[in-house]
1. From the P(r) of segment 204-266, could you give the percentage of C-alpha pairs in the tail past 13 Å?
2. List, in order, the whole-Hz ³J(HN,Hα) value for each residue of segment 165-178 obtained from phi through the Karplus relation with A = 6.51, B = -1.76, C = 1.60 and θ = phi - 60°; use x for Gly and Pro.
3. Of all trypsin sites (Lys or Arg not before Pro) in segment 243-283, which ones are in loop regions per DSSP and have a Cβ with at most 11 other Cβ atoms within 10 Å?
4. With the cut-off at 1.5 for a/c, could you classify segment 104-187 from its C-alpha gyration tensor as rounded, prolate or oblate?
5. What order, most packed first, do the peptides 212-220, 144-152, 13-21 have when packing is the mean number of other Cβ atoms within 10 Å of each residue?
6. Over segment 171-298, what is the percentage of antiparallel beta bridges among all DSSP beta bridges, to the nearest 5?
7. Please report F48, F274 as a ranked list, fewest other C-beta atoms within 10 angstrom at the top and most at the bottom.
8. Where nothing but the Cβ of Lys and Arg (+1) and of Asp and Glu (-1) is charged, how large is the charge dipole of segment 1-107 around its Cα centre, in debye to the nearest 20?
Amino acid sequence: MKVLVIGGAGYIGSHTTYELIRAGHEVVVLDNLSTGRMGAIHADARFFWGDIRRKSDITKVLLAEEKTRPVDVVMHFAAKLVVPESVLKPLEYYENNVEGVRTMLEAMVDCGVKNIVFSSTAAVYGEPDNPLCSEDDPTAPINPYGETKIASEQLIKWVAAAHGMNYCILRYFNVAGADQSLRIGLDKDQLTHLIPLIMQSALGMREKLSIFGSDYPTSDGTCIRDYIHVTDLAQAHVSGAQHILDTGDSLLLNLGSGKGFSVKEVVDAALELFDFNYEFAPRRAGDPAKLIANSNRAREILGWEPKLSLTDMIKSDYAYRKQLQQDTD
Ligand SMILES: NC(=O)c1ccc[n+]([C@@H]2O[C@H](COP(=O)([O-])OP(=O)(O)OC[C@H]3O[C@@H](n4cnc5c(N)ncnc54)[C@H](O)[C@@H]3O)[C@@H](O)[C@H]2O)c1
C-alpha cells in the first residue's frame, strides 16, 4: 500500500514509517517539523514540508502522488500532546489537533482517499471507575488534550459515515522504547514520560527522578500503568491499515500490553540495569491510580500481539539516549 504519514518526523510517526518500509510499503511523509526532526524521517520515504491546518498543503501531496500511484491510506500523528500545556493553551490544542483533523478529512474527501488511521490515547478514558479499559467504556477526558482526541474521533466517525470512508482509531497507553537501529527514538524538548526521565537520571542529565505520589491505593502506593514498546505499536498501525484497506471495515482499538506495572516497579527494573537517584513527590492532579488496556479486540481482529517487554523498552531507550548524548558531545 501507499501511505501518507502526517507527522512522520515525530516519535511514533517515524517508528511507524520504519515498520511500513520494513513491510515493503511505500511511504510519503508530511510534517511541519514543529516537534519532529528531519533526521527521524526514513531515507526511503518522500518528504513534503507542510502544515495539516492548510488544506492546500495536503491536497498538493495527494494530487502529486496520484500521478504515479494514489495514496491508499492516510495516517495521522500530527498532534500536540503535552497535557499540562493543553490546560494552559486550549485554543492552540483545539486548533492544531481538531482543526488539523478537520482540514485533513476535507482534503481526503476532495481527493477521494478513503482510509484513515488515527492516533488516539488512553487519556480519553479520564479517571475510569474500572481501571481495565475496554473500547466501549465511557470516555470522560479530564484535560483539553484528551478532549481534542475525542472530538477528533467523533469527527472522523461522522465524516467516514457521510463519505463512505474507513477508519482505524488506535488508543495508545504508555508508549516507550526506541527502534532497534537506534536511529530514532523519543527525542523531545519537553520530556514527560517516565522511562526517558529515568534514563536521563541514569545518564546524569537530571539530578534525580521524581515519583509523583506514594499513597495511591496500589500494592506499593505508586500509580500503575500499561507500557507498550513503540515498535509493537508501530506494527499495529501497519496491520490496522492493511485490515481496513482489505475489508472496508472500521476499527476502534486499544493498544497496550494488558499488564500493569507500578511506577516503583519500573524504577526497580531500571535500577537492576543502571544506577540513579529518585525521590517521592506529592501526587499530580489528574493522575488516576491505575490504567490498563484491555487490548483483546486488537489481538482478535488483527492477530496483533506485543512482543517486546518492559526491559526491552528500558534498554532500547537507554541505548538511544546514550547515543544521542555521544553525538552531541
Ligand atoms: N507519545 C505518546 O506516548 C502518545 C500516547 C498516546 C497518544 N499519542 C498520540 O500519538 C501521536 C504522535 O505522538 P508523538 O509522541 O509521536 O508526538 P511527536 O510530537 O513526536 O510527533 C508529532 C509530529 O507531528 C508534527 N506536527 C504537529 N503538528 C503539525 C501540524 N499542524 N502540521 C504538520 N505536522 C505537525 C510534529 O512536527 C511531529 O513530527 C499524537 O497524535 C499523540 O496524541 C502519543
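1. 73 percent
2. Result, ordered by residue: 9, 10, 10, 10, 9, 10, 9, 8, 9, 7, 8, 8, x, 9 Hz.
3. Of the trypsin sites (Lys or Arg not before Pro), not one in the loops of segment 243-283 has a Cβ with at most 11 other Cβ atoms within 10 Å.
4. The shape class here is oblate.
5. Order by mean packing, descending: 13-21, 144-152, 212-220.
6. 15 percent
7. F274, F48
8. 120 debye
Just so you know, all these numbers are worked out from the coordinates, no wet-lab data involved. Bear in mind the structure is a predicted one, so any value in this text is a computation, not a measurement. Ideal geometry is used to build each Cβ from the backbone, glycine not excepted, and the neighbour counts take in all protein chains shown.
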